Amino acid sequence: EGKPQLPGSESILRLCDNSVRRKGGLLLERKRQAYIAILPSVFTTGNLFFGFHAIVSSVAGDYLTAAYSILIAGLFDVLDGAIARLTRTPSQFGVEYDSIADVVSFGVAPALMVYFGALTTLGRLGNALAFFYLACAALRLARFNCSPDFPKTYFMGLPSPAAAYSVAVL
């Protein structure tokens, strides 16, 4: 009341207020989209965590927990891809991050579980056998990422998670 207003200033203020609301809504929408975009990576992080947990459990000699951790990592691996497709947020970052998590969960973790559980008595041969499994898993994942000729729903050879499950259930 105490401020003098120019003629038409009320409509300008209303226009600015609507603009701020639209921009604020746009910012909220962008934040929502950002949260949705990182959701698959949260599940990939779960995959990585359970792979790491399997490694720690193997080193501690708790092979049952290690095996369950590998299986749970596989569940997170399935969910991260499904959520990326569902939310339409697949990205090259997600593909690369998923591959790194898969090498840990389905390469390093099963190799160490078998090494500490059964191969330590073989000395260098045990090292070589565990490393061979790890190298095969890493090469399989790299080949899957680099082969544009095949659709990603088609698998050539045994997928790394399936190989890890085979090792985990022994």
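The values are calculated or read from the model by the stated rules, or taken from the named source; none is laboratory data. Just so you know, these numbers come straight off a predicted model, no measurement behind them. Reconstructed Cβ throughout: ideal geometry from the backbone, glycine too, with neighbour counts over all protein chains shown.
Of the residues that make up the range 105-115, is at least one under 21 Å from Ser41 (Cβ atoms) and of a type in the set (A, V, I, L, M)? Don't jump to the end; show me each part of the working.
Quick first cut of the range 105-115, residues under 21 Å from Ser41 (Cβ atoms) only: 105-109.
Filter once more, keeping what is of a type in the set (A, V, I, L, M): 108-109.
Yes, some residue in the range 105-115 is under 21 Å from Ser41 (Cβ atoms) and of a type in the set (A, V, I, L, M).
Looking at the range 66-79, is at least one residue in contact with a Pro (Cβ under 9 Å, 6 or more places away or on another chain) and surrounded by fewer than 19 Cβ atoms within 10 Å (Cβ to Cβ)?
yes
Within the bounds of the range 111-122, is there any residue that is touching a Cys at 6+ places or on another chain (Cβ under 9 Å), at pLDDT 90 or above and closer than 21 Å to Gly61 by Cβ?
Looking through the range 111-122, none of the residues is touching a Cys at 6+ places or on another chain (Cβ under 9 Å), at pLDDT 90 or above and closer than 21 Å to Gly61 by Cβ.
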